Amino acid sequence: MKGGRPASVRGLRDQPFALSGFGGALTAGSATVREFDRDERWRRALTALGKWWGAAVLCVFIPVAHLILVPGFLIYGAWESWARVQTAELVMDARGQCPDCGEVQQLELAPRWQAPQAVTCPACHRGLTLTLPPGAAS
């Protein structure tokens, strides 16, 4: 597995990160990142495609609304499928301490794992920057 400490479940890893805020001080945090191999990404993509295209087929029988719903579900299914093929790592959970207010809390990160990224503290609503600590690989 790349970077971080390997977790006990296959495909999961614990990724440490650093949070910086307005004052410039760094605090630590950790995210659980799910890694998908090529086969898993394609399986997820085909599942999404089948789900949305199945909804499109069912909407054919709804008068008038099918004019919007069917093309919408077909396009969204293709888009969602493409997004899932492209997603190699997905953030499942992230916790960290805000460097400005000191609260340890659940953080909402972008679904695709990336560093650096902007994060908002749920407690004080200040903007934070998530980065990898020195020496850590993503």
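The values are calculated or read from the model by the stated rules, or taken from the named source; none is laboratory data. What you are looking at is a predicted structure, and each value in this text was computed from that prediction instead of being measured. Counting neighbours? That spans all protein chains shown, and the Cβs are built from the backbone with ideal geometry, glycine included.
For Thr32, indicate whether it is outside the structural domain of Pro116 (by TED's automatic domain parsing) and of a type in the set (Ser, Thr, Tyr). It is false that Thr32 is outside the structural domain of Pro116 (by TED's automatic domain parsing) and of a type in the set (Ser, Thr, Tyr).
With respect to the conditions (1) touching a Ser or Thr at 6+ places or on another chain (Cβ under 8 Å); (2) at pLDDT 95 or above, Pro111 falls short on a single one, namely (2). Against the numbered list (1) surrounded by fewer than 17 Cβ atoms within 10 Å (Cβ to Cβ); (2) in a helix (DSSP H, G or I); (3) free of Cβ contacts under 8 Å to residues at least 24 places away in the same chain; (4) not polar (S, T, N, Q), Phe73 comes up short only at (1).
Looking at this structure, is Arg38 loosely packed, with under 14 Cβ neighbours inside 10 Å, charged (D, E, K, R) and either touching a residue at least 40 places away in the same chain (Cβ under 8 Å) or out of contact with any Gly (no Cβ under 9 Å at 6 or more places or on another chain) (or both)? Before the answer, list the steps.
Numbers: loosely packed, with under 14 Cβ neighbours inside 10 Å: yes; charged (D, E, K, R): yes; either touching a residue at least 40 places away in the same chain (Cβ under 8 Å) or out of contact with any Gly (no Cβ under 9 Å at 6 or more places or on another chain) (or both): yes.
Yes: the conditions hold for Arg38.
Against the condition loosely packed, with under 13 Cβ neighbours inside 10 Å, on the phi < 0 side of the Ramachandran plot and at pLDDT below 95, how does Ala31 come out, does it pass? No, not satisfied. Quick one: would you say Val85 is touching a strand residue (DSSP E or B) at 6+ places or on another chain (Cβ under 8 Å) and either at pLDDT 90 or above or not in a loop (DSSP other than H, G, I, E, B) (or both)? Here the answer is no, as Val85 does not meet what is asked. For segment 111-137, a tally of residues being exposed (fewer than 14 other Cβ atoms within 10 Å of the Cβ) and outside any strand (DSSP E or B) returns 10.
Would you check if Arg95 is assigned by TED's automatic domain parsing to the domain that holds Trp113, loosely packed, with under 15 Cβ neighbours inside 10 Å, touching a residue at least 12 places away in the same chain (Cβ under 8 Å) and within 17 Å of Trp113 (Cα to Cα)?
Criteria met by Arg95.
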